[in-house]
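Working notes, structure below.
The values are calculated or read from the model by the stated rules, or taken from the named source; none is laboratory data. Values in this document were obtained by computation on a predicted structure and should not be read as measured data. Reconstructed Cβ throughout: ideal geometry from the backbone, glycine too, with neighbour counts over all protein chains shown.
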Amino acid sequence: MYGAIIGDIVGAPYEFDRGDKTKDFPLFIEESQFTDDSVMTLAVAEALLDSAGASKDVVEANLIQSIQKWGKRYPNAGYGGMFSSWLRAKKPKPYGSFGNGSAMRVSSVGWLYKTMEETRTVAGWTAEVSHNHPEGVKGAEATASVIFLARTGAKKSEIKQYVIDEFHYDLSRTCDEIRPTYHHNETCQKTVPEAITAFLEGNDFEDVIRTAVSLGGDCDTLTCISGSIAEAYYGVPDSIRTECRRRLSDDLKSVLDRFWDEDRRR
């Protein structure tokens, strides 16, 4: 999950089209701080670690509990209006969202499960507690599926074809074609394909991060998604991982460390 969190931190200063649409920028600056993307990524990971082997009802109950707990702990992390209301609700219900929040928080699913079928099923559960629009579920499933394929040795050409065949996203455009007219958009359908394209074009972990940031748009979330995939495919350089940890609070690092330890045990 380091990749998702690094993508969030690096992309955060350039959200809302505040960047210059270039790959040439300092990777970490003073404003490079975690946002709701990291908080929710770790909230979902904690819920799934606590729900190993459990039924859908148990998993979804734990997801709601964990997401609300962490959302209330970090109330100013940058949540959207509808999701903020969901976080405060006594009995939160899904509200038909197709926002990209379902995709940015799902990365742990791509690592935790042994089959594609289980990966896609649980990814859907993580979306459906709030983002139950078909496009919201699709965005989560696609992101988790690509992470699963990347960590299990699939080639980029195979990953691309799987996404096209299974999710029907348009991956025909290059980043150079996307970049000039791409602007802030918080939907899955206008974020997930671009994030996957940035991964497909990148040459290593850092290059994927820089490519994603250069597209602009909802930059922390787009780069969070790209980074989560890039980690599964390339790994994360130690120096970048260290810089990421410097910017996380102790409670967030404790979840990350628990996940890291669980992944190494598998």
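When region 62-83 is examined, which residues are found to be free of Cβ contacts under 8 Å to residues at least 40 places away in the same chain and surrounded by fewer than 16 Cβ atoms within 10 Å (Cβ to Cβ)?
Gln65, Lys69, Lys72, Pro75, Asn76, Gly81, Met82
Every residue, every condition in (1) within 24 Å of Thr221 (Cα to Cα); (2) touching a Lys or Arg at 6+ places or on another chain (Cβ under 9 Å), yes or no:
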| site | (1), (2) |
| --- | --- |
| Asp24 | yes, yes |
| Glu30 | yes, no |
| Thr35 | yes, no |
| Val39 | yes, yes |
| Glu46 | yes, yes |
| Ser51 | no, no |
| Ala54 | no, no |
| Glu60 | yes, no |
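If you scan region 156-171, which residues turn out to be in a loop (DSSP other than H, G, I, E, B) and farther than 20 Å from Arg210 by Cα?
Across region 156-171, the qualifying residues are His168, Tyr169, Asp170.
Considering each of Gly217, Gly227 in turn, give the residue that is modelled with pLDDT under 95 and surrounded by 24 or more Cβ atoms within 10 Å (Cβ to Cβ).
Gly217
Looking at Asp250, Asp238, Asp257, can you tell me which residue is under 30 Å from Lys155 (Cβ atoms), free of Cβ contacts under 8 Å to residues at least 60 places away in the same chain and out of contact with any His (no Cβ under 6 Å at 6 or more places or on another chain)?
Asp238
Please go through region 180-207 and give me each residue that is over 14 Å from the mean Cα position of the chain (by Cα), in a helix (DSSP H, G or I) and surrounded by 18 or more Cβ atoms within 10 Å (Cβ to Cβ), ordered by number.
Passing the criteria: Thr197, Leu200, Phe205, Glu206.
Per-residue answers, yes or no, for (1) surrounded by fewer than 16 Cβ atoms within 10 Å (Cβ to Cβ); (2) touching a His at 6+ places or on another chain (Cβ under 9 Å):
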site	(1), (2)
Glu15	no, yes
Gly19	no, no
Pro26	yes, no
Ser32	no, no
Thr35	no, no
Ala43	no, no
Ser51	no, no
Ser55	yes, no
Glu60	no, no
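So, in region 98-126, of the ones that are out of contact with any Cys (no Cβ under 9 Å at 6 or more places or on another chain) and of a type in the set (Gly, Ala, Ser), which residue ends up surrounded by the fewest Cβ atoms within 10 Å (Cβ to Cβ)?
Ranking the candidates gives Gly124 first.
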